[in-house]
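The values are calculated or read from the model by the stated rules, or taken from the named source; none is laboratory data. What you see is a predicted model, and the numbers here were worked out from it, not measured in a lab. Here Cβ is always computed from backbone atoms with ideal geometry, including for glycine, and neighbour counts include all displayed protein chains.
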Amino acid sequence: MRLYLLIGALMMTTAAHAQEKTDWKLVIHGGAGVIERDRLTAEQEKEIRAALDLALQTGSKILAAGGDSLDAVEATVKVLENDPHFNAGRGAVFTYDSTNEMDAAIMDGESRKAGSVAGITATKNPISLARAVMEDSPHVMLSGEGADQFSREQGLEQAPPEYFATPERRRQLEEMKSNKLSWFDVDLKYGTVGAVALDQAGHVAAATSTGGLTGKRWDRIGDSPIIGAGTYADVRACAVSATGAGEYFIRVGVAHEICARIRMKDAGAKEAADAVMAEVKALGGDGGVIVVTPEGEATWSFNTPGMYRGKASAEGRTVAIFGDE
Ligand code: ASP
């Protein structure tokens, strides 16, 4: 009799445990930089806020329905890749040679599986190619023509060069060349996109997608597709997506460093993100990060005047652009 009672009690606790759900969270960015009120028209600001909100809505639907964080970050990033306001997919910045070469990465915090691509030119949604590398190849990172070939073999949707190229990005390249002020876009007109999510099962994932920096050359690769620099997820700590001057983010190992501080120093996400962004600043770099933890902390940190960003949870959605919001 006692044994039956014990088994019954055990079964009830297991059932209660199985029903315990984590409160889902989603955080996104659409790039950091010199984003100040007088640099955006009312129209542009409205369109960007609407695009960020649409991305949040898309990921929220998946998370609210009990979907996976990995599916949520991919779907969210796809919305931003398809929007020409952002420097990813359609609307990616131009290289010095007037081409669009894109980088993307995705990581699942539960399995610590990751996939990334660099210098790709023909996949409509680079983030989906990164996911295919993770799930359908034995590798973590593919680049250039080989990655483009893998994309075709996987049957991913392809797009011609004209799809990615927008007049505004071409103008920015010409401006950069005529100013000859810097190797790269001096204004830090970033626009890289990223998403981090915590799902109801307590899993975290991160995704980042970018065209890199205006005027990049010699097959330059930034931090976004480098696992541990611009993108990282580890269910023991956090999920991170970064945006900014990639060279500094690579040198600091930003995304992994934030997770390591949370895991080994017991730091809070905000504290860890601020400390690591201060390191980036100390080396001369600008940009920002978004972070989510399995405990439900959802935050960001940036050292630029603004960052396109947004947060969503069961409580609702918020979108922000300027530093003082
Ligand atoms: N981090 C990206 C890169 O360096 C650029 C950006 O975030 O806008 O390629």
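Residues in the stretch 96-117: is at least one surrounded by fewer than 22 Cβ atoms within 10 Å (Cβ to Cβ), touching a Gly at 6+ places or on another chain (Cβ under 7 Å) and either over 22 Å from residue 235 (Cα atoms) or among the acidic types (Asp, Glu) (or both)?
So far as the stretch 96-117 goes, yes, one or more of its residues are surrounded by fewer than 22 Cβ atoms within 10 Å (Cβ to Cβ), touching a Gly at 6+ places or on another chain (Cβ under 7 Å) and either over 22 Å from residue 235 (Cα atoms) or among the acidic types (Asp, Glu) (or both).
Could you tell me whether any residue of the stretch 54-76 is modelled with pLDDT under 95, among the acidic types (Asp, Glu) and farther than 27 Å from residue 303 by Cβ?
no
Kindly provide the set of residues from the stretch 87-110 that are closer than 17 Å to residue 147 by Cα and not in a loop (DSSP other than H, G, I, E, B), ordered by number.
Of everything in the stretch 87-110, those that are closer than 17 Å to residue 147 by Cα and not in a loop (DSSP other than H, G, I, E, B) turn out to be 102, 103, 104, 105, 106.
Here is a check on your reading of the model: is residue 320 surrounded by fewer than 24 Cβ atoms within 10 Å (Cβ to Cβ) and either out of contact with any Gly (no Cβ under 7 Å at 6 or more places or on another chain) or outside any loop (DSSP other than H, G, I, E, B) (or both)?
yes
This table checks each residue for (1) of a type in the set (Phe, Trp, Tyr); (2) within 24 Å of residue 270 (Cβ to Cβ); (3) part of a helix (DSSP H, G or I).
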residue	(1), (2), (3)
32	no, yes, no
35	no, yes, no
52	no, yes, yes
57	no, no, yes
63	no, yes, yes
67	no, no, no
74	no, no, yes
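Kindly indicate whether residue 84 is within 14 Å of the ligand (Cβ to nearest atom) and within 17 Å of residue 160 (Cβ to Cβ).
Here the answer is no, as residue 84 does not meet what is asked.
Exactly one condition in (1) more than 16 Å from the ligand (Cβ to nearest atom); (2) more than 16 Å from residue 159 (Cα to Cα); (3) not in a loop (DSSP other than H, G, I, E, B) is false for residue 78; which is it?
Single failed check for residue 78: (2).
Which of the residues belonging to the stretch 138-147 are touching a residue at least 24 places away in the same chain (Cβ under 8 Å) and either farther than 18 Å from residue 106 by Cβ or in contact with a His (Cβ under 9 Å, 6 or more places away or on another chain) (or both)?
Listed by number, the list holds a single entry, 144.
Check residue 92 against each of (1) in contact with a Ser or Thr (Cβ under 9 Å, 6 or more places away or on another chain); (2) among the aliphatic types (A, V, I, L, M); (3) farther than 29 Å from residue 170 by Cβ and name the one condition it does not meet.
(3)
Does the stretch 233-247 contain any residue that is basic (Lys, Arg) and free of Cβ contacts under 8 Å to residues at least 24 places away in the same chain?
No, because not a single residue in the stretch 233-247 is basic (Lys, Arg) and free of Cβ contacts under 8 Å to residues at least 24 places away in the same chain.
Search the stretch 130-168 for residues being part of a loop (DSSP other than H, G, I, E, B) and over 22 Å from the mean Cα position of the chain (by Cα), and hand back the single one that is surrounded by the most Cβ atoms within 10 Å (Cβ to Cβ).
Applying the filter and picking the extreme gives 154.
Within the stretch 240-260, is even one residue of a type in the set (D, E, K, R) and under 19 Å from residue 210 (Cβ atoms)?
yes
Take the conditions hydroxyl-bearing (Ser, Thr, Tyr), touching a strand residue (DSSP E or B) at 6+ places or on another chain (Cβ under 7 Å) and either at pLDDT below 95 or under 27 Å from residue 44 (Cβ atoms) (or both) and apply them to residue 241. Does it pass?
Yes; evaluated as a whole, the condition is true for this residue.
Could you please find all residues in the stretch 14-32 being farther than 20 Å from residue 207 by Cβ and either modelled with pLDDT of 80 or more or within 16 Å of the ligand (Cβ to nearest atom) (or both)?
21, 23
Hey, which of the helices (runs of 4 or more DSSP H) in the stretch 207-314, taking only ones fully inside, have at least 2 residues that are of a type in the set (Asp, Glu) and either more than 13 Å from the ligand (Cβ to nearest atom) or surrounded by 21 or more Cβ atoms within 10 Å (Cβ to Cβ) (or both)?
Where helices (runs of 4 or more DSSP H) fall fully within the stretch 207-314 and carry at least 2 residues being of a type in the set (Asp, Glu) and either more than 13 Å from the ligand (Cβ to nearest atom) or surrounded by 21 or more Cβ atoms within 10 Å (Cβ to Cβ) (or both), they are 269-283.
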